[in-house]
Amino acid sequence: LQHICFRISQKRFKQLVDRLLQFISLRLFPAKPEEFPPMVKCTWWIPSATKVLALFNAANSLNSPSIISYTDFYNSTLDHIDLMEEYHNWQCYGNSHRFSFCQYPFIISIAAKKVIIQRDSEQQMISIARQSLVDKVSRRQKPDMNMLFLNVKVRRTHLVSDSLDELARKRADLKKKLKVTFVGEAGLDMGGLTKEWFLLLIRQIFHPDYGMFTYHKDSHCHWFSSFKCDNYSEFRLVGALMGLAVYNSITLDIRFPPCCYKKLLSPPIVPCDHNTLVGICDVTLDDLFQIMPELAHGLSELLSYEGNVEEDFYSTFQVFQEEFGVIKSYNLKPNGDKIPVTNQNRKEYVQLYVDFLLNKSIYKQFAAFYYGFHSVCASYALLLLRPEEVEILVCGSPELDMSALQRSTQYEGYQKTDLTIRYFWDVVLGFSLDLQKKLLHFATGSDRVPVGGMADLNFKISKSETSTNWLPVAHTCFNQLCLPPYKNKKELKQKLIIGISNAEGFGLE
């Protein structure tokens, strides 16, 4: 059946998927309920339609590239049902006879999956905070509000080392609500300090001089450095940061290739047996193209070369890597340095080469990263996610639509027709992408757009009853911009650019 679906034209394939999705939506929320038989008499309708959709989804996955986008299988109607009941049914009954949409996660939109993960996270946070409280009371100790949070206290000058120490010491508290304090600063964390901590930490860790990650200019992404080291705890820290970001609904500006998220879900739940390999997945030349396109292109040419590979390339099953100025060699298979690459075995050579670069050479680094992520984000909800969806949850979307932000903005002290507001949007819509990102970072603590789009930011512009000589002020905890009533567009633009271009830290020195 999958292969029959596979042969249908793209247009017809999309039409059939849309019809099936529409059928499910109409049965769930009929416009005229009296035209349908009672739900008890047609309980098989929705499960059957979903199972047929599963065939189309499997056929779509067989093709590379896929026939239609995986997002075309989303049914946004499901955003309005009791998602947590679906999730709990699935947790209790698994893939038994009791139907749940979670058995077919391809149909659930990323926005709905985010809701499931957030609520699951909240329930875990409440449960762990409650347990801390019970433990304290049972030992006849005075309860303290701080015990309900993961309190991270860091110095700006020692950001990475302090963060590493705090997360290592408070490993048991990672699933509590995160609160950040910068030593010597008066900022009270209502969400804004947390955002800034993530931003500064990620910026420092991913700097090329730090040596943990290599930046590839051709693909504009980072990849794990294969240099061997004695301690991989900093990779665990980065994994924990990504987990904390998902857990606390923070978007990060991290540029990992899609392959990284595929490895992060291999497997999606940490195995009980610690000898089981983690972060190892099937990788192809396409995955390498997304990280090192030039090398991947060279390997692709080797596969299509029409001459004598052994005589013309004179390669063996061996790779060479530079580590701290020294060239080191690694065999791709036993006695690889003595096995020539030929026309007959070149496919095996390319596959082993790709596997070495993306799996074996960075295994310890990625395993530490994997365990860091799953130490925070250990949830069965991860089984619902595709690698692409994990990336969106971690990084949000880099696509800025300022017109959409304008449509969803709320006002306090201003009307949207006021002259100052009209000046503001004229200026912002005319900004370069870089300045628009700076504005978003200034007002919200992040320059990325959350899963639900600009409307999910709940952005607010408030009237600031201060002198127009003052710069705009932001409350990043509440995604709020406080704007004085500037006299003209030129003054507003000048003050806004100064404000958003010099916005780091809380308070002024």
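The values are calculated or read from the model by the stated rules, or taken from the named source; none is laboratory data. Small disclaimer: the values here were computed from a predicted structure and weren't measured. Positions of Cβ are generated from backbone atoms using ideal geometry, with glycine treated the same way; all protein chains shown enter the neighbour counts. SASA here: full protein model, heavy atoms, side chains in, ligands and nucleic acids out. Shrake-Rupley method; radii C 1.70, N 1.55, O 1.52, S 1.80 Å.
Might you check whether a residue that is in contact with a Pro (Cβ under 9 Å, 6 or more places away or on another chain), open to solvent by less than 40 Å² (accessible area, probe 1.4 Å), closer than 23 Å to residue 357 by Cβ and assigned by the TED database to the domain that holds residue 174 occurs anywhere in segment 190-209?
Among the residues of segment 190-209, not one is in contact with a Pro (Cβ under 9 Å, 6 or more places away or on another chain), open to solvent by less than 40 Å² (accessible area, probe 1.4 Å), closer than 23 Å to residue 357 by Cβ and assigned by the TED database to the domain that holds residue 174, which makes the answer no.
Among (1) closer than 23 Å to residue 117 by Cα; (2) loosely packed, with under 15 Cβ neighbours inside 10 Å, there is one condition residue 72 misses while meeting the rest; what is its number?
That leaves (2) as the condition not met.
Scan the helices (runs of 4 or more DSSP H) fully inside segment 383-456 and keep the ones with 1 or more residues being within 23 Å of residue 241 (Cα to Cα). Write out each step before concluding.
Numbers: elements: 387-395, 402-408, 419-429, 433-444.
Once the helices (runs of 4 or more DSSP H) in segment 383-456 are filtered for at least 1 residues that are within 23 Å of residue 241 (Cα to Cα), what remains is 387-395, 433-444.
Could you say whether any residue in segment 163-173 is in a loop (DSSP other than H, G, I, E, B) and touching a residue at least 24 places away in the same chain (Cβ under 8 Å)? Talk me through it step by step, then tell me what you get.
Filtering segment 163-173 down to residues in a loop (DSSP other than H, G, I, E, B) leaves 170.
In the following step, the residues that additionally are touching a residue at least 24 places away in the same chain (Cβ under 8 Å) were identified as none.
No, every residue in segment 163-173 fails to be in a loop (DSSP other than H, G, I, E, B) and touching a residue at least 24 places away in the same chain (Cβ under 8 Å).
Restricting segment 391-422 to residues that are aliphatic (A, V, I, L, M) and over 19 Å from residue 84 (Cα atoms), which is most open to solvent (accessible area, probe 1.4 Å)?
419
Among the residues of segment 105-121, are any more than 29 Å from the chain's Cα centre (by Cα) and open to solvent by less than 80 Å² (accessible area, probe 1.4 Å)?
no
Report the residue count in segment 27-59 for those that are among the hydroxyl-bearing types (Ser, Thr, Tyr) and in a helix (DSSP H, G or I).
Keep residues of segment 27-59 that are among the hydroxyl-bearing types (Ser, Thr, Tyr), which gives 43, 48, 50.
Of the ones still in play, those that are also in a helix (DSSP H, G or I) are 48, 50.
So the answer is 2.
Would you call residue 356 touching a helix residue (DSSP H, G or I) at 6+ places or on another chain (Cβ under 9 Å) and surrounded by 14 or more Cβ atoms within 10 Å (Cβ to Cβ)?
Values: touching a helix residue (DSSP H, G or I) at 6+ places or on another chain (Cβ under 9 Å): no; surrounded by 14 or more Cβ atoms within 10 Å (Cβ to Cβ): yes.
The answer is no for residue 356.
Being farther than 25 Å from residue 227 by Cα, open to solvent by 40 Å² or more (accessible area, probe 1.4 Å) and modelled with pLDDT under 95 is true for just one of 322, 311. Which residue is that?
Just a single option satisfies the conditions, and that option is 311.
Tally the residues that are closer than 16 Å to residue 169 by Cα and open to solvent by 20 Å² or more (accessible area, probe 1.4 Å), restricting the search to segment 233-251.
So the count comes out to 3.
With (1) surrounded by 15 or more Cβ atoms within 10 Å (Cβ to Cβ); (2) in the same structural domain as residue 388 (by the TED database); (3) more than 22 Å from residue 244 (Cα to Cα) as the list, and residue 129 as the residue in question, which single condition is left unmet?
(3)
Would you check which residues across segment 79-89 are touching a residue at least 40 places away in the same chain (Cβ under 8 Å), assigned to a helix (DSSP H, G or I) and open to solvent by less than 70 Å² (accessible area, probe 1.4 Å) and list them?
The one that is touching a residue at least 40 places away in the same chain (Cβ under 8 Å), assigned to a helix (DSSP H, G or I) and open to solvent by less than 70 Å² (accessible area, probe 1.4 Å): 87.
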